[in-house]
1. Kirkwood hydrodynamic radius of the range 175-252 from all distinct Cα pairs, in Å?
2. List every residue whose amide H lies under 5 Å from the amide H of K287, counting only residues 5 or more places away in sequence or on a different chain, with H placed 1.01 Å from N in the peptide plane.
3. Considering only protein heavy atoms and a 1.4 Å probe, what is the carbon-and-sulfur percentage of the accessible area of the range 326-421?
4. I'm a student and want to see the number: the projected area of the Cα convex hull of the range 278-389, averaged over all directions, in nm².
5. Could you give the accessible area per residue of the range 288-388, probe 1.4 Å, as a whole number in Å²?
6. Give me the one-decimal nm value for the distance between modelled label points at A201 and N153, 7 Å along each residue's Cα-to-Cβ direction.
7. So, in nm, how far is label Y258 from label V225 when the simple model puts each one 7 Å beyond its Cα toward the Cβ?
8. Taking the Cβ-Cβ separation of A214 and M345 as r and a Förster radius of 25 Å, what is the calculated FRET efficiency to the nearest 0.05?
Amino acid sequence: MEDDKRVKKRSILLLISLLCCTFLQLLVNLPELHKSQVSQVESEFKGIWSNIIQVEKIPSRQTISVTSGSHSQMSEKLDVAYKLFGIFPLKTSEIQVMKPMKLMPGGHSIGVTLQTKGVMVVGQSPVLDKSGKKVYPAKEAGIEVGDILLKVNNQEVRTDQEVSNAINSAGEQKGSVSVLFKHQEQTLEKIVKPIYCAETARYRMGLFVRDEAAGVGTLSFFDPVSKQYGALGHVITDADTNQKIEVSKGKIIASTIYAIEKGRRGHPGEKIGSFISNSIFSGTIEKNTLTGIFGTMNGQIENTYFKEAIPVGWESEIKVGPAKIYTVIKGEKIEEFEVNIDRVMHNRTDSKNMIVRVTDPRLLDLTGGIIQGMSGSPIIQDGKLIGAITHVFVNDSQRGYGVFIQNMLNDAKQMNKNEAA
């Protein structure tokens, strides 16, 4: 009898210990919901756990302005308390309840042209001196590929021709030239002694420079009220230096696709297109950021699949599973294709937030999957705009990355980045 009592007592103690360990584990793993929507909070605990762990939502009276172009909406912060049996507090957290936002999905093929702030150094070029020796005056002075030339002899330079003229003039008059340039995050000034080049009959300092860039991409979204847009889903970099281009001015116009270079393992494919001179729309390029380019659009923007703006899908709403993308494969016609969201990578603030796999047989047959020029193609899931295509996997053209639409909005400063979910 005594043995039975001891066994029973041990069993009760063991059960209590197990329950305590379970609650301690729950306490450690209760979700941080500062980037969630209120619907996610309500679904955290189901079945028996809904009676044991209860979620209490308390308005904190804090409101934050969330802006989409000219739209100004208010969002609310809630304090969330997890309570054992609805009595004993376990943990508190804070969530951001986002108000609905709507945007028009893109998918349009666009031509992109932009001019840099200053003139970018894209290569070194030897200059032959009087003895026939190859010299590199700018390189010897410390100017490197990727640097941005800002001023030559206190004269601002915006084009490669302005750089050439200023150097030649300084060489003829002084024999040396002062160059103000941006090196990484530093602004430096160096004295360079240009060399007279008999071949060109001009003074040179041995640099290849570029003042503009151009290419084809895809429009991601458009706000029909504010006229603001987002495109590409990734930053524009110089083709030779891979450095981010600081934009002085730029524009986007409609483009037409006349050929496709199909992607294959190790060789990403490409859309081949040309700009349309009588484009029905055009836009400024005001920002070149990690998640795309942004500006203001004028003209006629239509997507036959969407007669009006659709809701934005926030990060917490995105799930692994089927989705659709919209892009141009031929001419100017936007088409719809099936894809799958294979993975969602939370807590990343760059442009690689989702792994997207093309499942549409027709798109795979035409392009091999994701190709260059498809960057910016909007991703729609459950009727909501959740992001845009960004990069292709070099060794697997069927797969690539997608960026969260909210990260694009953050970079566009259409949302308060420090507060919005």
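1. Across the range 175-252, the inverse of the average 1/r is 16.5 Å.
2. Amide H neighbours of K287: F294.
3. Working: 1430 of 3620 Å².
In the range 326-421, the share of accessible area belonging to carbon and sulfur is 40 percent.
4. Values: hull surface 31.1 nm².
Approximately 7.8 nm², given one-decimal rounding.
5. Value for the range 288-388: 41 Å² per residue.
6. Spacing of the two 7 Å Cα→Cβ label points: 2.0 nm.
7. Result: 4.1 nm between the two label points.
8. Working: r = 32 Å, r/R0 = 1.26.
Computed FRET efficiency for A214 and M345: 0.20.
The values are calculated or read from the model by the stated rules, or taken from the named source; none is laboratory data. From a predicted model like this one, the values you see are computed outputs, not experimental measurements. Neighbour counts run over all protein chains shown; Cβ positions are idealised from the backbone, glycine included. Quick note on the areas: whole protein, heavy atoms, side chains included, nothing else; ligands and nucleic acids left out. Shrake-Rupley method; radii C 1.70, N 1.55, O 1.52, S 1.80 Å.
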